[in-house]
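Colleague: This structure is in structure tokens; I'll ask about it shortly.
The values are calculated or read from the model by the stated rules, or taken from the named source; none is laboratory data. Being a predicted model, the structure only gives us computed values, none of them experimental. Ideal geometry is used to build each Cβ from the backbone, glycine not excepted, and the neighbour counts take in all protein chains shown. Ligands, DNA and RNA are stripped out before the accessible areas are found, and what is left, the full protein with its side chains, is counted by its heavy atoms. Shrake-Rupley method; radii C 1.70, N 1.55, O 1.52, S 1.80 Å.
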Amino acid sequence: MPKAPANGRQPLVGIEASGTFPVEYRFAHAKSGNRHLVVVFANFSAPDDYGWSNGVFDNVRANILWIRDRFHGTNSYYLCKEMDFRLEESVAALIFNVMKALSLTPDDVTMWGGSKGGSAALHFGLRYGFRNIVSIVPQFLIGTYVRKVHPRVAAFMLGEGVPEENVRAVDAILPELVRSEANRTANIYLLSSPQDEQYPEQVEPFLGLFQRYENFNFIYSESPFITDHTQVTRRNVPALMGILNLLADGLPPRLGHVRNGHEEPDRDRSAITAYLTATSVVRGEEFPPPVVTAPVPREEVRRDSVRFTGHARGAVRVVVWEHGKYLGQTDVAADGSWSWELGRAWSEGEHPVKLYAVDPAGFQSARIEVNFTAADGAAAPVPAGPGMPHPNRGPVLSAVGVSPSAPVVLEPMAHEQVMDSRVVFAGSAAGAAQVGFRENGVLLGRAAVALNGSWSWDSSGLWNGGMHVVDVFAVDASGGESPVTRVLFTVMNTSAGAETAPYQGGNH
């Protein structure tokens with residue numbers, strides 16, 4: 001989760017999924033209606049692969065778009081996967097979509113990055129015609145650099161075995177772009193230092209290529225306090241922030257005619273708001289949150305044996321938080337089940353734990369909260385029997401006049417088209433003993449609920465073709481019924497004998 005900066009600009013997170021490669025981003029609105037966009041590319045050591053996300057931009061007045069360099073779990077220089085440059089096109093699509101939503105032109109945008117991000121800022125800035133480029137200690141020979149220093153990234157970008165022809169092709173990208181004088185009028189600020197161990201091979205040989213660029217600025221940082229590649233950036237952050245705010249105000253630090261102002265405090269934000277909403281990383285309606293079958297809400301659990309279990313259909317992992325602090329995550333099995341333990345004893349007392357699911361593309365579900373109490377002397381499980389609740393599920397709710405909660409139905413999904421006349425229902429019902437099924441008021445059957453809250457029911461009969469509306473309800477150990485969960489599904493592929501016959505199943 002992005003941390004809200006001290007100035008209150010909470011980054012919004014999303015995924016641009018219109019291209020071949022989903023691109024994850026964070027976005028913060030400008031201050032005082034500033035009419036500028038800064039696009040930030042990450043270096044290799046950037047936390048969570050978002051560059052400059054440690055609060056250094058808190059006082060920058062412009063809109064900020066951080067782009068994550070993680071594709072299939074690996075860095076890419078925002079360029080390619082196995083020489084497939086549709087990755088670059090997907091990143092460019094995000095930038096232009098945000099720019100369009102803000103009603104900006106390329107003249108209103110600054111590309112920004114250091115090291116790997118500096119190479120990306122220079123590449124995207126020159127190739128796509130953006131007005132301002134701040135490139136800090138970049139690498140020009142990208143193929144050679146990743147082969148020498150980051151072999152895993154090299155294999156991801158250049159292909160298995162890192163073919164020499166692919167190394168040469170990627171090495172040529174930046175030098176050839178500059179040599180062609182692409183975007184020759186851009187305001188370019190390139191920072192490097194002789195104390196940078198990469199300078200002799202990766203920067204100095206290419207400075208002469210910028211001779212015909214009209215607004216090229218080379219910031220040569222030489223100091224005995226600079227000891228390596230990363231120190232070049234750290235020693236120059238104040239000056240760089242000054243340059244950035246001037247660019248955000250439409251005042252590039254160079255002699256010539258420039259436009260002042262550049263702020264519209266009452267500017268309509270509806271377009272960018274709509275885009276951010278449409279690409280939000282949280283897909284609450286389309287992607288259901290994980291189902292937690294244990295611990296049951298308000299359950300008292302021995303603090304050294306707390307184990308979360310549940311289901312998360314369509315997810316690849318479940319993430320766990322408490323009080324805004326990340327606790328851990330766990331993979332989801334192929335059947336949708338998952339379990340997670342903290343790895344140490346919980347502190348005594350109540351714990352409001354939040355969880356969300358993540359799908360294969362990186363989208364997140366809405367958050368759910370589970371409250372339980374960790375105690376040293378929690379009651380030991382007792383066998384379940386007639387008229388008794390399941391172990392560790394608290395009191396029978398109907399005994400105090402409260403109905404059990406409606407069950408969660410994972411299969412069939414709402415509005416699913418079932419391609420078989422045999423339909424299997426599955427889901428969870430925490431605290432229940434049974435789950436029942438009705439259609440048109442007729443009881444179709446019942447299913448027992450397992451100790452972990454899961455249940456499944458095979459009708460063992462043929463359903464007629466067409467739409468069905470089934471009410472699923474939970475029953476506690478005292479016979480109290482929950483509100484229903486209504487499931488609508490359509491049977492598409494029935495046998496000839498079942499097309500006109502109604503469902504013939506009974507109690508199961």
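Colleague: Only one of (1) closer than 26 Å to LYS148 by Cα; (2) modelled with pLDDT of 80 or more; (3) open to solvent by less than 50 Å² (accessible area, probe 1.4 Å) fails for ILE226. Which number is that?
Modeller: (2)
Colleague: Name, by its number, the condition in (1) under 22 Å from the mean Cα position of the chain (by Cα); (2) among the hydrophobic types (A, V, I, L, M, F, W, C); (3) at pLDDT 90 or above that does not hold for TRP321.
Modeller: Looking at each condition in turn, TRP321 falls short on (3).
Colleague: So, in segment 24-38, of the ones that are more than 14 Å from GLY51 (Cβ to Cβ) and among the basic types (Lys, Arg), which residue ends up least open to solvent (accessible area, probe 1.4 Å)?
Modeller: Once the filter is applied, the top-ranked residue is ARG35.
Colleague: Would you pick out the residues in segment 75-103 that are open to solvent by 10 Å² or more (accessible area, probe 1.4 Å), closer than 29 Å to THR144 by Cβ and touching a strand residue (DSSP E or B) at 6+ places or on another chain (Cβ under 9 Å)?
Modeller: LYS81, ALA93
Colleague: I need the full set of residues from segment 290-317 which are open to solvent by 30 Å² or more (accessible area, probe 1.4 Å) and in a loop (DSSP other than H, G, I, E, B), in order please.
Modeller: PRO297, ARG298, ARG303, ASP304, SER305, ARG307, ARG313, GLY314, VAL316, listed by residue number.
Colleague: For segment 171-216, name all the residues that are on the phi > 0 side of the Ramachandran plot and of a type in the set (Asp, Glu).
Modeller: Hit for segment 171-216 is GLU181, nothing else.
Colleague: Which of the residues spanning segment 106-145 are of a type in the set (Lys, Arg) and open to solvent by 10 Å² or more (accessible area, probe 1.4 Å)?
Modeller: If the condition is that a residue be of a type in the set (Lys, Arg) and open to solvent by 10 Å² or more (accessible area, probe 1.4 Å), then ARG127, ARG131 are the ones that fit.
Colleague: Further question: Across segment 51-73, what is the total count of residues that are open to solvent by 10 Å² or more (accessible area, probe 1.4 Å) and under 22 Å from PHE363 (Cα atoms)?
Modeller: Summing the residues that are open to solvent by 10 Å² or more (accessible area, probe 1.4 Å) and under 22 Å from PHE363 (Cα atoms) in segment 51-73 gives 6.
Colleague: Considering only segment 355-363, I want to know if a residue exists there that is of a type in the set (Phe, Trp, Tyr), surrounded by 12 or more Cβ atoms within 10 Å (Cβ to Cβ), assigned to a loop (DSSP other than H, G, I, E, B) and modelled with pLDDT under 90.
Modeller: Yes, some residue in segment 355-363 is of a type in the set (Phe, Trp, Tyr), surrounded by 12 or more Cβ atoms within 10 Å (Cβ to Cβ), assigned to a loop (DSSP other than H, G, I, E, B) and modelled with pLDDT under 90.
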